[in-house]
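The values are calculated or read from the model by the stated rules, or taken from the named source; none is laboratory data. Being a predicted model, the structure only gives us computed values, none of them experimental. Every residue, glycine as well, gets a Cβ built from its backbone with ideal geometry; the counts of neighbours run over all protein chains shown. Only protein heavy atoms, including side chains, enter the accessible area calculation; ligands, DNA and RNA are left aside. Shrake-Rupley method; radii C 1.70, N 1.55, O 1.52, S 1.80 Å.
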Amino acid sequence: MKNIRFNQQQTSAIGIGTWHIGEGTPNESQHQMDAIRYGLDHGINLIDTAEMYGEGLSETLVGKVIKDYPREKFQLVSKFYPYHATEKLIETSLKKSLQRLQTDYLDLYLLHWRGDTPLIETVTGLEKMVQAGLIKNWGVSNFDLNDLKELSQLKNGTNCRVNEDLYNIGSRGIEYDILPWQKQHQMSFIGYSPFGSDGGAYLNIKPILKEMAQAKHITVHQLLLAWVIRNHDLLSIPKTSSVEHMKSNLEAVDVSFTADELELLDQNYPKPNQATSLETI
Ligand SMILES: NC(=O)c1ccc[n+]([C@@H]2O[C@H](COP(=O)([O-])OP(=O)(O)OC[C@H]3O[C@@H](n4cnc5c(N)ncnc54)[C@H](OP(=O)(O)O)[C@@H]3O)[C@@H](O)[C@H]2O)c1
């Protein structure tokens, strides 16, 4: 498994997304657990979840899997609702997440998106959780450049380790300003929904993707994932419910592109040439 530098440590080139995991039948949950196990057994060492996902069902399923693995072997990321972003509620939410996940700490705890609570109060609450040893570090999600700049001006705001935003071949806005800013400030980037989310609703699959995938003897999903991680400078967190797809996603890590292929993809899915509003799901 290729590694990247993420959250100041060696991390697998892809992580495991878990939105909608654990919400189905016991049989579906079993397949999802098998898929996560397959990923962990084959070199993936980061799982992304959230209290929002199935209102705790995703964390509960992840907890059942990870209890069989040495905790220090992987990074665990979870997120709290913006309306739990006060000092008091962060602690309550975190303790519930830890219980569902059957662990005593998170590697990263993220504000899922920005709400009405003043950022300074959220940062203070998160720093307290670091001091208490319940989280190693913290970050944010769905922040645009202005949010990141505002955060960085606050006391302890530069302790923010990661920002997690939408990133796939059809949603490239972050390449213009957010990604360069985060690199400059040594803040890691997590790109979510590499395939345009469940059912691909957030990505227009143009014929070129099918043609190129066929020529490279890979699937369109492998092409999409390999493209997101092509520069080895950010983490992508595909979600899958099947071992077969997990296997395919692991193989995609080794797919590379020629300069001509990248140019052709740029022609069809242009790079941003100006700042755009942050796209979210
Ligand atoms: N911070 C945020 O606000 C935010 C927002 C959205 C997502 N996220 C995170 O990012 C993760 C990924 O995003 P996502 O869940 O929205 O969607 P995604 O990973 O872009 O796409 C998931 C879809 O792709 C399918 N799939 C996965 N691997 C495949 C393969 N090799 N071949 C064919 N189909 C494949 C899955 O079906 P199967 O399950 O059948 O394989 C599922 O329908 C989430 O799970 C979550 O952890 C964060």
Distance in nm between label sites at residue 231 and residue 99, each 7 Å beyond Cα in the beta-carbon direction?
4.3 nm
Testing the spin-label approximation: label points 7 Å from Cα along Cα→Cβ at residue 155 and residue 2. State their distance in nm.
4.3 nm
Take the alpha carbon gyration tensor of segment 1-44, find the square roots of its eigenvalues, order them as a ≥ b ≥ c, and report rounded if a/c is under 1.5; if not, report prolate when a/b exceeds b/c, else oblate.
prolate
Could you list the residues of segment 199-227 with an amide nitrogen less than 16 Å from a label point located 7 Å from the Cα of residue 268 in the Cα-to-C-beta direction?
203-227
Once the dipole of the chain is set up with Lys and Arg at +1 and Asp and Glu at -1 on Cβ about the Cα centre, which of 139, 180, 22 lies farthest towards its positive end?
139
Quote the charge dipole size of segment 31-170 about the Cα centre in Debye, to the nearest 20; the model charges only the Cβ of Lys and Arg (+1) and of Asp and Glu (-1).
340 debye
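Listed here are the pairs 128/271; 64/210; 95/239; 136/271; 239/271; which of them are more than 30 Å apart at the Cα?
Beyond 30 Å between Cα atoms: 128/271; 64/210; 136/271.
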Return, ordered by residue number, the residues of segment 20-45 whose backbone nitrogen is under 20 Å from a label point located 7 Å along Cα→Cβ of residue 198.
20-37
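So between residue 176 and residue 92, what do we pick up on full extension, going 0.36 nm a residue minus the alpha carbon distance? Intermediate values should be presented prior to the final figure.
Values: separation 84, 0.36 × 84 = 30.24 nm, distance 3.71 nm.
That works out to 26.5 nm of additional length.
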Can you list residues whose amide H is under 5 Å from residue 16's amide H, if they're 5+ apart or on another chain and H is modeled 1.01 Å from N?
46, 47, 48
Give the carbon-plus-sulfur fraction of the accessible surface of the chain in %, rounded to a whole number; probe 1.4 Å, heavy atoms of protein chains only.
48 percent
Long-range alpha-carbon pairs in segment 151-281, meaning those over 26 Å apart, account in percent for 23 percent
For the chain, what is the accessible area per residue in Å² when the probe is 1.4 Å?
45 Å²
In segment 90-178, the trypsin sites (Lys or Arg not before Pro) that fall in loop regions by DSSP, at most 11 other Cβ within 10 Å:
155
Amide H contacts of residue 6 (H built 1.01 Å from N, under 5 Å, at least 5 apart or other chain):
11
Can you compute the charge dipole magnitude of segment 208-281 about its Cα centre, using +1 on each Lys and Arg Cβ and -1 on each Asp and Glu Cβ, nothing else charged? Give it in debye, rounded to the nearest 20.
200 debye
Dipole magnitude of the chain about its Cα centre, charges +1 at Lys/Arg Cβ and -1 at Asp/Glu Cβ only, in debye to the nearest 20?
500 debye
Cα centroid separation, segment 250-268 to segment 54-86 (Å)
33 Å
Which of 99, 253, 214 sits closest to the plus end of the dipole of the chain, meaning its Cα is farthest towards the positive end, when Lys and Arg get +1 and Asp and Glu get -1 on the C-beta?
99
Kirkwood Rh over Cα pairs of segment 3-268 into Stokes-Einstein at 10 °C, 1.306 mPa s: D in µm²/s?
84 µm²/s
Do you know the relative contact order of the chain, to the nearest whole percent, from alpha carbon pairs under 8 angstrom that are 6+ apart?
21 percent
Work out, step by step, the length gained on full extension between residue 277 and residue 67: first 0.36 nm times the residue separation, then minus their alpha carbon distance; give nm to one decimal.
71.6 nm
Using the Cα atoms of segment 4-146, I'd like the radius of gyration and the largest Cα-Cα distance, Dmax, both in angstrom.
14.8, 44
